[in-house]
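Take a look at the structure below.
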Amino acid sequence: AFYKGEADFASGLFLKKKVLENLLVDPENEEFSADGTMLLSKDGKILVAELGDPVKAVIPEGVEEIGPGAFEKLGSLCEVEFPATLRKIGEKAFAGSALSHVEFPPSVESIGVQAFSFCRTLVAAEFYDGLQTISQQAFEGCPIQEVYIPASVTTLGNDSFLAISTFQGTVGQR
């Protein structure tokens with residue numbers, strides 16, 4: 001629904017990135033609410049999109065699901081703090097961001113398709129018992145150096161960690 005940049009619709013080219021500084025949602029809106037530049041479902045359980053470009057994202061307590069593409073291609077996003085209520089991370093939720101380390105709370109049950117794909121600086125991901133599904137290509141193209149799969153994981157999608165050992169880029173430091 002929201003393209004995070006400027007586009008020339010005549011040529012179909014996406015030009016430069018633009019970011020939102022503040023998001024206001026009418027309190028009478030029955031579908032959506034806002035927290036800073038984050039668009040949430042009215043009940044606050046689904047984070048629909050981050051419309052800014054933060055360096056650190058603190059996802060509000062009460063969020064149970066991060067929607068598809070919510071933080072996708074946010075090149076400044078280096079750090080994320082998940083709430084204890086989080087259960088599901090959607091498809092491409094953080095794909096292409098600049099995260100270097102993620103620690104999932106024990107409440108996370110599912111990591112979606114390509115959720116962290118091509119996070120070129122993601123060297124560490126900490127999973128805890130409770131995680132059940134790591135979907136296909138969830139960490140494709142990430143230079144993760146060590147992976148521990150908890151006993152609770154019952155589904156590991158195809159190519160979940162594709163190309164982590166063949167990554168040929170530069171790993172950034174915090």
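Tell me which residues, restricted to region 101-114, are assigned to a loop (DSSP other than H, G, I, E, B), under 19 Å from GLU140 (Cβ atoms) and small (Gly, Ala, Ser).
Within region 101-114, just GLY112 meets the criteria.
Provide a single number: the residues in region 40-73 that are under 21 Å from SER135 (Cβ atoms), of a type in the set (D, E, K, R) and part of a loop (DSSP other than H, G, I, E, B).
Going through region 40-73 one residue at a time, the tally reaches 4.
Can you tell which of SER165, SER160, SER76, SER117 is part of a loop (DSSP other than H, G, I, E, B), open to solvent by less than 10 Å² (accessible area, probe 1.4 Å) and modelled with pLDDT under 95?
Answer to the check: SER160.
Filter region 139-157 down to the residues that are open to solvent by 70 Å² or more (accessible area, probe 1.4 Å), modelled with pLDDT of 90 or more and within 16 Å of ALA125 (Cβ to Cβ) and list them by number. Step through it out loud before you land on a result.
At the first step, the residues of region 139-157 found to be open to solvent by 70 Å² or more (accessible area, probe 1.4 Å) are 145-146, 148, 151, 154, 156.
Those left that are additionally modelled with pLDDT of 90 or more: 151, 154, 156.
Scanning region 139-157 gives a single hit, LEU156.
Does region 79-111 hold any residues that are over 14 Å from ASP129 (Cα atoms) and β-branched (Val, Ile, Thr), and which are they?
VAL80, THR85, ILE89, VAL102 - these are the residues of region 79-111 that are over 14 Å from ASP129 (Cα atoms) and β-branched (Val, Ile, Thr).
The values are calculated or read from the model by the stated rules, or taken from the named source; none is laboratory data. Keep in mind it's a predicted model, so treat the numbers as computed, not measured. With ideal geometry, Cβ positions are generated from the backbone for all residues, glycine too; neighbour counts draw on all protein chains shown. These area figures cover heavy atoms from the full protein model, side chains too; ligands, DNA and RNA do not enter into them. Shrake-Rupley method; radii C 1.70, N 1.55, O 1.52, S 1.80 Å.
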